[in-house]
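Below: one structure, written as structure tokens.
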Amino acid sequence: MKDEQVRELLFQALETELGGVQVYTTAIRCAQNDDLKEEWQEYLEQTKKHVQIIEDVFHKLGLDPNEPTPGRKVVKTIGETLVASMEMALSEGEPGAAQLVACEAVVMAETKDHQNWHLIGEVVKHAKGELAKVLKQAHDEVEDEEDEHLYHTKGWCRELWIESLGMKAVLPPPEEVKKVETAIGAARAEQARSQMV
Ligand SMILES: [Fe+2]
Ligand SMILES: [Fe+2]
């Protein structure tokens, strides 16, 4: 394994979680649906916890959480852009539209977040000693929540878009009702929606 790139992954994972706090804080202001707002409030709290968990990883591995890397600068910029896109939609003053922009922003942020933790899981399989121990503990705490963040918000995004198009939506989305936590489960939930409308 390339140690330098493992470090880069951890820096990007930290930056993604920090950006996630900002993304959720703004997304909650865009949410119109009460169930979605409640869900994102829960995800915001979990994301704040993830920041602590990854900062703890840095501490245990003797890494400086403030060290700049080229990759984390990119991640930070993307996070700021997602927040700016929601602010733009909010200032346009169409509440339903801002909610859709927020759903898409959360899906984009969570796609990166989910991938980071998936990759950290892959590192755990090949790492040894203290690195393996520290990363495994963090990964075990976070991974199930990341599945939920991504798959459930994708479901919200699809159904709220369908509703906005004037078609019958399944709300809350099937991913939510079926408590989906895997990619296969998400695909099944999407397939089952036609029987649920
Ligand atoms: Fe996270
Ligand atoms: Fe997440």
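Summing +1 for each Lys or Arg and -1 for each Asp or Glu among the other residues whose beta-carbon sits under 15 angstrom from that of Glu87 gives -3.
For the chain, Cys30 stand unpaired, since no other cysteine beta carbon lies under 4.7 Å from theirs. Descending by average beta-carbon neighbour count within 10 Å, the peptides 80-87, 151-158, 107-114, 174-181 line up as 151-158, 107-114, 174-181, 80-87, the highest first. Computed with a 1.4 Å probe over protein heavy atoms only, the accessible surface of the stretch 73-197 comes to 54 Å² per residue. Averaged over residues, the count of other Cβ atoms within 10 Å places the peptides 162-169, 26-33 in the sequence 26-33, 162-169, highest first.
Take peptides 96-106, 47-57 and line them up by average Cβ neighbours within 10 Å, highest first, as a rough protection proxy. Write out the running numbers ahead of the final one.
Values: 96-106: 22.5, 47-57: 18.5.
Sorting 96-106, 47-57 by mean packing, highest first, produces 96-106, 47-57.
Simple spin-label estimate for Gln191 and His59 gives 4.5 nm between the two label positions (7 Å along the Cα-to-Cβ direction from each Cα). In this structure, the residue pairs whose Cα-Cα separation is over 30 Å, taken from Lys73/Lys168; Lys133/Lys178; Lys73/Lys133; Lys49/Lys73; Lys76/Lys178; Lys136/Lys178, are Lys73/Lys168; Lys133/Lys178; Lys76/Lys178. Counting protein heavy atoms only, the chain has 54 percent of its accessible area on carbon and sulfur, 1.4 angstrom probe. Taking the centroid of alpha carbons for each part, the stretch 123-175 and the stretch 1-62 are 12 Å apart.
I'd like the Kirkwood hydrodynamic radius of the chain, using the inverse of the mean 1/r over distinct C-alpha pairs, in Å. Walk me through the numbers on the way to the answer.
Working: mean 1/r = 0.0573 Å⁻¹.
Averaging 1/r across every pair of different Cα atoms and inverting gives 17.5 Å.
The values are calculated or read from the model by the stated rules, or taken from the named source; none is laboratory data. Bear in mind the structure is a predicted one, so any value in this text is a computation, not a measurement. Counting neighbours? That spans all protein chains shown, and the Cβs are built from the backbone with ideal geometry, glycine included. Remember, those area values only see protein heavy atoms, side chains included, never the ligands or the DNA or RNA. Shrake-Rupley method; radii C 1.70, N 1.55, O 1.52, S 1.80 Å.
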